[in-house]
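As structure tokens, the structure follows; a few thoughts come after it.
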Amino acid sequence: MIMPVHQFSLPAEIDAIATLANEYGLLLVEDAACAIGSRYRDRHVGTRGQASCFSFHPRKVLTTGEGGVVVTNDGVLAERVRALRAHDLSTAGGEPTLVTWGFNYRMTEIHAAIGLAQMSKLESMLLRRRQLADQLQEELAGLAWFTRPAVPPHVTPNWQSYVGVVSPDVSRSQIIERLVASGIEARPPATAIHTMGPYREAARAVGGTFSVAETLDRCALALPLHPRMDEGDVTRVATELRHAGPA
Ligand SMILES: Cc1ncc(COP(=O)(O)O)c(C=O)c1O
């Protein structure tokens, strides 16, 4: 199985990955947790794999508080997921019976209702995020020590997060401290998983150095981006970031 991640909503190079999966006869499951509404060559992210997963965690563009969905075009797989979500409990033979080890992963009706209400606002939220991200990209141009997110022309992220990279010779923690002191909620966006808990052992077993992940762990920086921000807020974020780093 290959499980590409559309990280922070930026679509992975799914054409090349799907070709590889076909060539080796591997299942393709897209981790589209962050990427509802993102597009790759004008096609929705999460529509290439045999299955794809979207998260509705509060950090995501569309949230139900917690939870998410699996999407698939495979009717048999859809049935299996539905069954496993509810203990794999079957009533096919009359009496309810457990078929295999299932899970208790049902989304409540209340959370689903919140999601449906949000779904009707998805297009307008995406549009606003794109406008604000475009402005941030423009206002942060030319900052030598900050690399803005690079978006290839054939993809459209949903801009769940605006994540850039600070030069390794600049102190990210000092920049975050200065931004937070001026009321800008900047933060490290993610931690390299192989540096934490049980994954450390697993990474050692696999071998390798994961140097790209380690650099991004140290240097990536998430700036605030939210549809309720206005143009003035974006300018303030850009201005404070410029002031927080070296001249
Ligand atoms: C790339 C990615 N995959 C998976 C998840 C997990 O999603 P959930 O918390 O809804 O299980 C997240 C959540 O942050 C994520 O960012």
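Stokes-Einstein diffusion for the chain at 25 °C, viscosity 0.890 mPa s, with a Kirkwood radius from C-alpha pairs, works out to 121 µm²/s.
Here the Karplus curve 6.51 cos²θ - 1.76 cosθ + 1.60, taken at θ = phi - 60°, turns the phi angles of the range 12-19 into couplings of 6, 6, 6, 4, 5, 5, 5, 4 Hz, with x standing for Gly and Pro.
Once you have the Cα-Cα distance between Thr19 and Arg130, take 0.36 nm times their residue separation minus that, and quote the gain in nm to one decimal. Before the final figure, lay out the partial values.
Numbers: separation 111, 0.36 × 111 = 39.96 nm, distance 2.97 nm.
Stretched out fully, the Thr19 to Arg130 stretch lengthens by 37.0 nm.
Its convex hull of Cα atoms gives the range 144-205 a direction-averaged projected area, equal to a quarter of the hull surface, of 6.9 nm².
How big is the gap, in Å, between the Cα center of the range 85-154 and the Cα center of the range 8-25? When both Cα centres are located, 20 Å separates them.
Give, in nm to one decimal, the length gained when the segment between Ser90 and Glu201 is fully stretched (0.36 nm per residue of separation minus the Cα-Cα distance).
Answer, rounded to one decimal: 36.1 nm.
Between rounded, prolate and oblate, where does the range 146-247 land on the alpha carbon gyration tensor, with a ≥ b ≥ c its root eigenvalues, rounded for a/c under 1.5, else prolate if a/b exceeds b/c? Prolate, since a/c reaches 1.5 and a/b exceeds b/c.
Going highest first, how would you order 172-183, 32-43 by mean Cβ packing within 10 Å?
On the way: 172-183: 14.9, 32-43: 20.6.
The peptides rank, most packed first, as 32-43, 172-183.
Peptides 154-162, 2-10, 204-212, ordered by how many other C-beta atoms sit within 10 Å of their residues on average, highest first, read 154-162, 2-10, 204-212. For the range 20-114, the square roots of the Cα gyration tensor eigenvalues, ordered a ≥ b ≥ c, give a/c of at least 1.5 with a/b no greater than b/c, which places it in the oblate category. GNM remark for the chain: springs join alpha carbons under 10 Å apart, and the peak mean-square fluctuation among Pro189, Pro153, Pro58 falls on Pro153.
For the range 108-125, 3J(HN,Hα) computed residue by residue from phi via the Karplus equation (6.51, -1.76, 1.60; θ = phi - 60°) reads 6, 4, 5, 5, 5, 5, 4, x, 5, 5, 5, 4, 5, 9, 4, 4, 5, 5 Hz, glycine and proline entered as x.
Mean projected area of the convex hull spanned by the Cα atoms of the range 204-247, taken over all viewing directions: 5.2 nm². Residues considered: Pro227, Pro188, Pro198. Largest GNM mean-square fluctuation over the chain, using C-alpha springs under 10 Å, is found at Pro198.
Only the coordinates and a few stated rules stand behind these numbers; no lab work does. Only a predicted model underlies this, so the values are computations on that prediction, with no experimental measurement involved. Positions of Cβ are generated from backbone atoms using ideal geometry, with glycine treated the same way; all protein chains shown enter the neighbour counts.
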